[in-house]
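Coordinate-derived values only; no laboratory data. Quick caveat, the model's predicted, so the values are computed rather than measured. Reconstructed Cβ throughout: ideal geometry from the backbone, glycine too, with neighbour counts over all protein chains shown.
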Amino acid sequence: MIEFRGVTKRFPDGTVAVDGLDLTVEAGKVTVFVGPSGCGKTTSLRMINRMVAPTEGTVTVDGRDVMAGDPAELRRGIGYVIQQAGLFPHKTIRDNIATVPLLLGWNKRRARARADELMEVVGLAPEMAARYPAQLSGGQQQRVGVARALAADPPVLLMDEPFSAVDPVVRESLQEELLRLQGELGKTIVFVTHDIDEAVKLGDKVAVFRTGGVLAQYDEPGVLLDRPADGFVDGFVGRDRGYRKLGFLSDELPLTELPTVRVGDSAPEGWSLVADADGRPVGWVSGEGTVEQSAVLPGGSLYEVGSGSLRSALDAALSSPSGRGVAVDGDGRVAGALSADDVLRALAASRADEAA
Amino acid sequence: MVWDWIPRNLGMLGELLGEHVVLALVPVLIGLVLAVPIGWAAAGNRALRTVLVPAASVLYTIPSLALFIVLPAIIGTRILDPLNVVVALTIYTVALLVRSVADALGAVPSLVVAAATAMGYRPGRRFVSVELPLAVPVLIAGLRVAAVSNISLVSVGALIGVGGLGQLFTEGYQRNFPLEIVTGIVLILLLALVVDGMLVLIGRVSTPWTRAGANA
């Protein structure tokens, strides 16, 4: 558990980066600090491993004031993932990952074995061990950064805009990977970002900071989207917050039956879903007659029954050429269809539940 | 036969070459050892940098002959002591390398230094295992200039009687014997090329990461 008690950071030039911060980061959870630039989120993060010293107040990790004792010892016990990975360009991937174990005095062989183990954990191919960071893509470098932070198995992980320098597709896969890892490891993670989507996706709790280093709201993401504390938070979470909130609601949606055709079959009038031999969706065709491979239109996003949210269900319906969203089971086979109206009805039902 | 002079004097030429190497390269080593902490101080502190780097550059503008002659009065050596040349060239090396070291350390990405600190490196170990290795390419460039410059400056020492291969110039001039002068020039050139090549090689071997191209 990490606690900020009355923490203020004033820089020598008089700027107040963090102003009277009181906040408790729960152990084993992902806490996201989010806000515009100059809101003190990164400064707050860096006070946890004493990269920045508070001007007033105390920061404690598991009850111990971080300002007491040796800063290097403290930092070796706290994983840190920096923006753009911050890897050591002159060290191989394996040696980058082994950094903290070696600082802790492990012997080389054990540290390297640990590095190889972590490469597997974060999904890096073993042949990358002997390469240098410049030989890796941005996304791979970021994985190395995460592996390096995890190397000595620290209970606390600090992540400072770790995915901001990679493209959106890679970012999304890194986010998924982090959630998967966290499911296995249960670390206390403090994650800094300026991206509200990333914040609500990753955070068990989200702290919204406003310019001048003041904590504006600290809540679970669903609550944040549903009941912003004030106009600033409302403006920051953005116009799409109603739509984002769908991501935190899941419900049993009534599926309608969705017959499928295969390439070469004869399709009935209107839209038909084309599936492969295993029953997995391929795309849509419109109109009567024999289904030609060339006539198949790509389908929309898929809604996975059980694990999907109302947001992914609505997106499946809206992105489908036929207007019917395709629901699939855990193996990716077509389970049925849903419409945007179904989603909206489920939303109304969940509102009614909440009110009751 | 004039060309005979070279084979007949091989022993003397070898001796002068050895003396030249020692007079030129010992100052490079001492200068490097002195310049690293000075450059490190300059890189870490803006105020110090604005004093140290220009001061070092000014040292380099002192004419070498003047320095060879003035030094004995300052450090109490005899005028013909080879130490005068070693001290003078060490001063030049420091003058050249302080800027190189300061620039090289200043060019280490601050993100990498911050990451090293956050991993739990203490400043001393961080310097040795992160900052200094990353400074090597720029440092080698500075060392090449200093080494070649020293190899050429040693010959000026011949005017005060301590000059390695430079003595071939003074002697050849006095005896009006051009072959001796040309031999001196060729040997100094070859020495400079060999030393420069060795430094390039050292640089390559110690920085395999600089040749690791993007996305192999």
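A few notes on this one:
- Treating each Cα of region A:155-278 as one equal point scatterer and applying the Debye formula with no solvent, the log10 of I(q)/I(0) at q = 0.12, 0.15, 0.17, 0.21 Å⁻¹ comes out as -0.64, -0.82, -0.94, -1.24.
- Most mobile of B:V58, B:V101, B:V26 in a GNM of chain B (Cα contacts under 10 Å): B:V58
- Spatial separation of Cα centroids for region A:207-277 and region B:104-177, in angstrom: 61
- Choice from A:G336, A:G287, A:G138 showing the highest fluctuation, given a GNM over chain A with Cα pairs closer than 10 Å: A:G287
- Placing pseudo-labels 7 Å out from each Cα toward the beta carbon at A:E176 and A:D226 gives an inter-label distance of 2.8 nm.
- The mean sequence distance of close C-alpha pairs (under 8 Å, at least 6 residues apart), as a share of the length of chain A, puts its relative contact order at 15 percent.
- Global form of region A:111-204, assessed from the alpha-carbon gyration tensor, a/c cut-off 1.5: oblate
- Cross-link pairs beyond the 30 Å C-alpha cut-off, checked among A:K29/A:K245; A:K9/A:K91; A:K29/A:K108; A:K91/A:K205; A:K187/A:K245: A:K9/A:K91; A:K29/A:K108; A:K91/A:K205
- Extreme residue, positive dipole direction of chain B, given options B:G184, B:G44, B:I140 (C-beta unit charges): B:G44
- Local net charge near A:K91, Cβ-Cβ under 11 Å (Lys/Arg +1, Asp/Glu -1): +2
- Residue with peak Gaussian network fluctuation, chain A [Cα springs, cutoff 10 Å], from A:L225, A:L185, A:L45: A:L185
- Taking trypsin sites (Lys or Arg not before Pro) in DSSP loop states with no more than 14 other Cβ atoms inside 10 Å as exposed sites, chain B has its longest site-free stretch at B:79-174.
- Mean separation of Cα contacts under 8 Å (6+ apart) over length of region B:1-150, as relative contact order %: 30
- Remark: B:I38, B:I62 ranked as B:I62, B:I38, counting other beta-carbon atoms within 10 Å and listing the fewest first.
- With the convex hull constructed from alpha-carbon coordinates only, region A:203-275 shows a mean projected area of 8.3 nm² over all directions.
- Size-normalised alpha-carbon gyration radius of region A:2-248, reference 2.2 N^0.38 Å: 1.01
- With a 10 Å cut-off around each Cβ of A:82-94, the average count of Cβ atoms from other chains is 5.
- Note on the protein assembly as shown: Cα-only Rg and Dmax are 34.4, 118 Å.
- For residues of A:135-146, the mean tally of beta carbons on other chains within 10 Å: 1
- Label zone (B:L34, point 7 Å along Cα-to-C-beta; backbone nitrogen cut-off 13 Å) within region B:83-107: B:84-98.
- For region B:1-45 versus region A:296-324, the gap between their alpha-carbon centres in whole angstrom: 76
- Neighbour counts of C-beta atoms inside 10 Å place A:V146, B:V53 in the sequence B:V53, A:V146, starting with the fewest.
- Less than 5 angstrom separates the built amide H of A:K29 from those of A:I189, all sequence-distant by 5 or more or on a different chain.
- Net +/- balance of residues flanking B:I38 in space, Cβ distance below 12 Å, scoring K and R +1, D and E -1: +2
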